[in-house]
1. Mind counting the residues in region 26-50 that are in contact with a Leu (Cβ under 9 Å, 6 or more places away or on another chain), more than 21 Å from ALA99 (Cβ to Cβ) and outside any helix (DSSP H, G or I)?
2. Just to check your reading of the model, which residue among LEU57, LEU30, LEU19, LEU80 is in contact with a Pro (Cβ under 7 Å, 6 or more places away or on another chain) and surrounded by fewer than 16 Cβ atoms within 10 Å (Cβ to Cβ)?
3. What are the residue pairs meeting all of these: first residue in region 34-50, first residue assigned by TED's automatic domain parsing to the domain that holds VAL64 and of a type in the set (A, V, I, L, M, F, W, C), second residue at pLDDT 95 or above and assigned to a loop (DSSP other than H, G, I, E, B), Cβ atoms under 9 Å, and 6 or more apart or on different chains?
4. If you go through region 101-127, how many residues are acidic (Asp, Glu) and closer than 24 Å to GLU187 by Cα?
5. Among LEU149, LEU110, LEU120, LEU136, which is the only one that is surrounded by 12 or more Cβ atoms within 10 Å (Cβ to Cβ), more than 16 Å from the chain's Cα centre (by Cα) and at negative phi?
6. One residue is enough: does region 59-69 have a residue meeting the conditions within 25 Å of PHE135 (Cβ to Cβ), acidic (Asp, Glu) and more than 13 Å from the chain's Cα centre (by Cα)?
7. Just give me the residues in region 131-153 being acidic (Asp, Glu) and either under 22 Å from LYS210 (Cβ atoms) or outside any loop (DSSP other than H, G, I, E, B) (or both), in sequence order.
Amino acid sequence: MGKLIIVPTPVGNLEDITLRAIKVLENCDLILAEDTRTSGKLLKHLEINTPKRSYHLHNEHKIVEQLVEELAHTDLTFALVSDAGTPAISDPGFLLVRACIEHDIEVETLPGATAFVPALVNSGLPCDRFVFEGFLPHKKGRKKRIEALVEETKTMIFYESPYRVVKALKEFSEAFGEERKCSVSREITKLYEETVRGTLTEVRLHFEKKAPKGEFVIVVEGK
């Protein structure tokens with residue numbers, strides 16, 4: 001049988017790739033990439049010429065069976081990468097990992113970059129126990145998801161786009177209270193990395209005055 005290796009890639013700064021990840025990407029038979037153009041830039045930077053194939057949110061249901069079939073009847077090694085960070089963490093990958101496990105195909109996951117860990121540690125909020133909520137639904141089910149967290153005592157972590165950061169902070173204020181502490185990090189590891197800490201109201205007012213740009217991680221104090 002073949003093997004699937006999950007390879008985290010940098011969330012911004014290209015120097016955050018590990019030596020082990022580089023070795024895997026150089027020596028595997030195929031790289032499954034969320035966006036071959038985005039991954040292509042990293043691979044070009046690393047001078048890696050391994051063949052690539054698209055594996056993303058819109059085709060994963062269709063090609064999982066095909067990939068498992070290939071791995072089950074060959075000795076090939078496939079490496080799975082996402083555009084940034086660790087695959088399957090708010091990115092495609094879970095379905096393929098599960099299918100491989102169900103077919104007794106070896107799965108190996110490398111440690112590496114993911115955006116929420118530095119944002120959590122940098123928040124100053126308790127990080128011994130936390131819940132990772134990822135992206136909230138854009139519309140349907142959004143309010144219900146937030147209401148389900150009203151009694152949550154652990155630190156809560158959310159991913160959000162710049163277009164909905166202010167909206168999310170307002171919704172959190174209404175559900176958790178305006179004085180609940182939070183920390184918002186954007187552009188983690190990149191040139192314009194920024195972390196804003198304070199109450200939900202204070203941080204919301206900050207981003208109402210300063211238009212949100214980049215990728216965001218919101219960390220909210222538990223009850």
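The values are calculated or read from the model by the stated rules, or taken from the named source; none is laboratory data. Worth saying up front: this structure is predicted, and the values here are computed from it rather than measured. No Cβ is skipped: glycine too gets one built from the backbone with ideal geometry, and neighbour counts run over all protein chains shown.
1. Qualifying residue count, region 26-50: 3.
2. Working: LEU30 fails: surrounded by fewer than 16 Cβ atoms within 10 Å (Cβ to Cβ); LEU19 fails: in contact with a Pro (Cβ under 7 Å, 6 or more places away or on another chain); LEU80 fails: surrounded by fewer than 16 Cβ atoms within 10 Å (Cβ to Cβ).
Selected residue: LEU57, the only one of LEU57, LEU30, LEU19, LEU80 that is in contact with a Pro (Cβ under 7 Å, 6 or more places away or on another chain) and surrounded by fewer than 16 Cβ atoms within 10 Å (Cβ to Cβ).
3. Listed pairs, sorted by first residue: LEU42/PRO10; LEU42/ILE17; LEU42/ILE48; LEU43/ASN49; LEU43/THR50; LEU46/ILE17.
4. Pass one, region 101-127, residues acidic (Asp, Glu): 102, 104, 106, 108.
Subsequent filtering for residues that are closer than 24 Å to GLU187 by Cα retains none.
Result for region 101-127: 0.
5. Working: LEU110 fails: more than 16 Å from the chain's Cα centre (by Cα); LEU120 fails: more than 16 Å from the chain's Cα centre (by Cα); LEU136 fails: more than 16 Å from the chain's Cα centre (by Cα).
Every option except LEU149 fails the conditions.
6. yes
7. Within region 131-153, GLU133, GLU147 meet the criteria.
Here's the yes/no breakdown for (1) more than 16 Å from LYS213 (Cβ to Cβ); (2) at pLDDT below 95; (3) not acidic (Asp, Glu):
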| site | (1), (2), (3) |
| --- | --- |
| THR155 | yes, no, yes |
| PHE172 | yes, no, yes |
| GLU178 | yes, no, no |
| LYS181 | yes, no, yes |
| ARG186 | no, no, yes |
